[in-house]
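Readers should treat all values here as calculations from the given coordinates under stated rules, not as data from a laboratory. Quick caveat, the model's predicted, so the values are computed rather than measured. With ideal geometry, Cβ positions are generated from the backbone for all residues, glycine too; neighbour counts draw on all protein chains shown.
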Amino acid sequence: MKLLKITSYYSSYIEEFFAARPELATKSYAQQKAALDFDAFGWSDAWSLALAPHGFEVMEVTYNVEQMQRAWAKENSVPDAQRLDVQDIALVQIRRFQPEVLWFDDCNIDLLKRIRSEVPSIKLVLGWVGSALPPSDIWRHLDLTLSCAPESVEYLRGKGFQAEVLSHGFDPRIPGRLVARDKRIDFSFIGQLLRGSQFHLQRERILTELAAISRIEIFSPSARFGWQDDLSALWKAAVFDVRETLKKLGCSDRSLRSLPVVRNSYRFESRPQRPVNPKLKAFLKAPVYGLAMYQVVRDSKMTLNIHADSSPRFASNMRLFETTGLGTCLVTDWKENLPELFEPDAEVVVYRSAEECVEKVRWLLDHPEECEAIARAGQKRTLRDHSFTPRAGLLDQIIRKRV
């Protein structure tokens, strides 16, 4: 069975990846793809490898890596290739491959509609979403949505859409690509710190508590925010306050919207905040992706996992399996399904509150041997139960029920 998986990568990751390898953009499509796959960003080529024993021929297209896509177009004699945009090139790839199954791991509805209308060989279209559902109606154009988050599956089914749980997996090839050395980081956290609803308010609170008692190193895109961003946020907050004060004094929304400066404040549903909590700034480091991210986890004695606010009930994110798979002690928030994945406080360390998290981190820092024992047990469990091999078996069953 032919399956084509199409996705896009963060533009910041693509830029950094090629900036570090300036000669790669002149190489062949196969050479560029091999380099990207080896760097293990996201799922990389893990699904291709895992699905092959189940009889799948898989083609993976990362349509917004322009250097790589244009190399493919040139090598495959695509007419007017230089005039085509990356979406057009992706459509050519899909039409030539003639897949029976399309796994659309993106939110570009227009592209999805074009694919469905121009590639009649497709019998099933899969989608993917994490715990934070984007403001989109893409679900209407999918036959089935897969998600690591049971909350999302429940929501989509409640709206009448087909959805199934498919947990993330760990690629056991990754440890062999990393530098084996002493663990030089006591405690790490890797991820976004978005100060908004459905995202990371709980993360911020816990990290602030931990920063007071440990030398935690936080690798996040938020490290890029500077004083200009703080100043902009303070100005927006001041305008917001002026608007609210004038409303209390009896000014109508209609009259306030006529004032150019105040008018802009209506874009904000709540009072704007600084993009980063000032208490965390000293602990922030530049974000890491791909193998650089895995190396940070491997070099850490402990890594903290805090699910987004959009995951109130279930453990589901990638960090669960990335950290344990690399043999690092995972400190993660309690969720009702966690005992189905790992044995709490034996294979991973679990906390139910910021206070308990601080207490357990202190204990682990004082008991390094116990910390290492938990890390080893977690790694054994992930390599046994949570690699892409069992995940591919489940995906195979899901697909064959519908094709």
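Given charges of +1 on the Cβ of Lys and Arg and -1 on the Cβ of Asp and Glu, with all other atoms neutral, how large is the dipole of the stretch 227-267 about its Cα centre, in debye to the nearest 20?
The calculation lands at about 300 debye.
Once label points are set 7 Å from the Cα along Cα→Cβ at both A346 and Q82, what is their separation, rounded to one decimal in nm?
Distance between label points: 6.5 nm.
Using the structure shown, list the pairs from K123/K159; K159/K401; K301/K380 with a Cα-Cα distance above 20 Å, or answer none.
Result: K123/K159; K159/K401 exceed 20 Å.
Give the residue list of chymotrypsin sites (Phe, Trp or Tyr not before Pro) in the stretch 240-332 that are DSSP loop and have at most 14 other beta-carbon atoms within 10 angstrom.
Passing sites in the stretch 240-332 are F268.
Taking the Cα centre of each part, how many Å lie between the stretch 127-199 and the stretch 249-283?
Spelled out, the Cα-based centre of one part sits 31 Å from the other.
With an 8 Å cut-off on Cα pairs and a minimum separation of 6 or more residues, tell me the relative contact order of the stretch 288-403 in percent.
Relative contact order, the stretch 288-403: 25 percent.
Pull up the DSSP beta bridges for the chain and report the antiparallel fraction as a percent, rounded to 5.
Antiparallel bridges make up about 0 percent of those DSSP assigns within the chain.
If the reach is capped at under 20 angstrom between alpha carbons, list the aspartates and glutamates near K236, excluding any in the same chain fewer than eight residues apart.
E244, D253, E269
About the Cα centre, and with charges only on the beta carbon of Lys, Arg (+1) and Asp, Glu (-1), how big is the dipole of the chain? Nearest 20 debye, please.
That gives the chain a dipole magnitude of about 960 debye.
Quick check: from the Cα gyration tensor, does the stretch 115-272 come out rounded (a/c under 1.5), prolate or oblate?
oblate
Which residue, chosen from W235, P172, A354, occupies the Cα position most advanced towards the positive end of the dipole of the chain, where the dipole is computed from +1 (Lys, Arg) and -1 (Asp, Glu) charges on Cβ about the Cα centre?
Result: W235, furthest along the dipole toward the positive end.
At what distance in angstrom do the alpha carbon centres of the stretch 349-369 and the stretch 1-58 lie from each other?
37 Å
Quick one: grab the alpha carbon gyration tensor of the chain, order the square roots of its eigenvalues as a ≥ b ≥ c, and give me rounded if a/c is under 1.5, else prolate or oblate depending on whether a/b is larger than b/c.
Since a/c reaches 1.5 but b/c is at least a/b, the shape of the chain is classed as oblate.
Quick check on the chain: helices-only [θ] at 222 nm, where DSSP H runs of length 4 and up contribute -39,500 (n - 2.57) each and the sum goes over total residues. Nearest 500, please.
That calculation yields -12500 deg cm²/dmol at 222 nm.
Return V349, V242, V261 ranked ascending by Cβ neighbour count within 10 Å, so the fewest neighbours appear first.
With the fewest neighbours first, V349, V242, V261 line up as V261, V242, V349.
If the cut-off is a Cα-Cα distance under 15 Å, which aspartates and glutamates reach K281, setting aside same-chain residues fewer than 8 apart in sequence?
E204, E209, E217, D229, D230
Pairs to check: K279/K360; K5/K183; K247/K279. Give those whose C-alpha atoms are more than 26 Å from each other in this structure.
Checking Cα-Cα distances, K5/K183; K247/K279 exceed 26 Å.
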